[in-house]
Each structure stands twice: as C-alpha cells, then as structure tokens.
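Q: Here it is: the structure, laid out below.
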Amino acid sequence: MSGDAVVRVIVDGANVVGSVPDGWWRDRRGAAERLRDSLVPYAADGVPGVPGPVEIVLVVEGAARGVASVPGVEVVSAPGSGDDLIAELAAGAGPERGCIVVTADRGLRQRVEAYGARCVGPRTVRP
C-alpha cells in the first residue's frame, strides 16, 4: 500500500444491515439510507487500524437499489449480485492502494482476499 494512497473501504450493505435485527426487513431502502448516513464520519476519521481519510463505497442491492450517494459515501447499486460487484470493486482497488471489505459473508471474504483485500466484520462500522 502506498503511503499517499487513500484506502478503499467497501461496505457490503445487505450483510451489514442484516447484522442487526432492528426491523430492517420492513424498510430495506430506509435501512440502507440509515447505514449510509452512519458511515459518513468514517470517510474522514478512518476505520480501526486505518486512519482517515478513506474512500467509503456502500454496495446496495435488491430493494435498496437507488439509494443516493452523500458527501463521504459513494453508494453503488449492484445490477445483479452485490457480492459480484464487491469482488469487482476489490479487484480494481489494486494492492498499492489498499482495500478493506466490511462483511461477515465467508464466501465473499474468500473471494476478495484473493485480490489482496483485508476483511473486517460489520461491528467495525456498526456498534
């Protein structure tokens, strides 16, 4: 990882939202928007072990598609599988930049680690 490169932090929206049984299933889009808004401070402050600024990319799918980006958090709607898009984004980050994927999905973790991404669990961004 280059010293001046901004680390990409890719958040598996469906997995992170689903990690807390707070009724998210009643309003998937609203849950994705709340997650997006809670991620904003991480863009400047960083995540544990990685000081800011970092590039936050929230990947959404299904009923959460179409959630708008906000300053600090780019929201990308997966046209199909969110996991496929996350793997593609991780592959595109490159080893000189650094990439962290926030997910508890074991299969996705294996896929993105093959591209050099580091994985952390949902509690990294959701207390």
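Q: Do any residues in segment 100-111 that are in a helix (DSSP H, G or I) have Cβ atoms under 7 Å from those of residues that are hydroxyl-bearing (Ser, Thr, Tyr), where the two are at least six apart or on different chains, and which pairs are they?
A: ARG109/THR103
Q: Sticking with this structure for a sec: Please go through segment 77-93 and give me each residue that is open to solvent by 20 Å² or more (accessible area, probe 1.4 Å) and without any contact (Cβ under 8 Å) to a residue 24 or more places away in the chain, ordered by number.
A: If the condition is that a residue be open to solvent by 20 Å² or more (accessible area, probe 1.4 Å) and without any contact (Cβ under 8 Å) to a residue 24 or more places away in the chain, then SER77, PRO79, GLY80, SER81, ASP84, GLU88, GLY92 are the ones that fit.
Residue by residue, here is whether (1) among the hydrophobic types (A, V, I, L, M, F, W, C); (2) part of a loop (DSSP other than H, G, I, E, B); (3) modelled with pLDDT of 95 or more holds:
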residue: ALA68; (1), (2), (3): yes, yes, yes
residue: PRO79; (1), (2), (3): no, yes, no
residue: LEU85; (1), (2), (3): yes, no, yes
residue: LEU89; (1), (2), (3): yes, no, yes
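Q: Does at least one position in segment 19-32 carry a residue that is touching a strand residue (DSSP E or B) at 6+ places or on another chain (Cβ under 6 Å) and either buried (at least 16 other Cβ atoms within 10 Å of the Cβ) or closer than 13 Å to VAL125 by Cβ (or both)?
A: Checked against the condition, which is being touching a strand residue (DSSP E or B) at 6+ places or on another chain (Cβ under 6 Å) and either buried (at least 16 other Cβ atoms within 10 Å of the Cβ) or closer than 13 Å to VAL125 by Cβ (or both), segment 19-32 yields at least one hit.
Q: Scan segment 61-76 residue by residue and report those that are open to solvent by less than 40 Å² (accessible area, probe 1.4 Å), under 12 Å from the mean Cα position of the chain (by Cα) and closer than 10 Å to ARG36 by Cα.
A: Result: VAL73, VAL75.
Q: Just a yes or no: is a residue in segment 47-59 within 11 Å of the chain's Cα centre (by Cα), open to solvent by less than 50 Å² (accessible area, probe 1.4 Å) and touching a residue at least 60 places away in the same chain (Cβ under 8 Å)?
A: no
The values are calculated or read from the model by the stated rules, or taken from the named source; none is laboratory data. Owing to the predicted nature of the structure, the values given are computational and were not obtained by experimental measurement. Quick reminder, even Gly has a Cβ in these numbers, built from the backbone with ideal geometry, and neighbours come from all protein chains shown. To get the accessible areas, we keep the full protein, side chains included, count just its heavy atoms, and leave off ligands, DNA and RNA. Shrake-Rupley method; radii C 1.70, N 1.55, O 1.52, S 1.80 Å.
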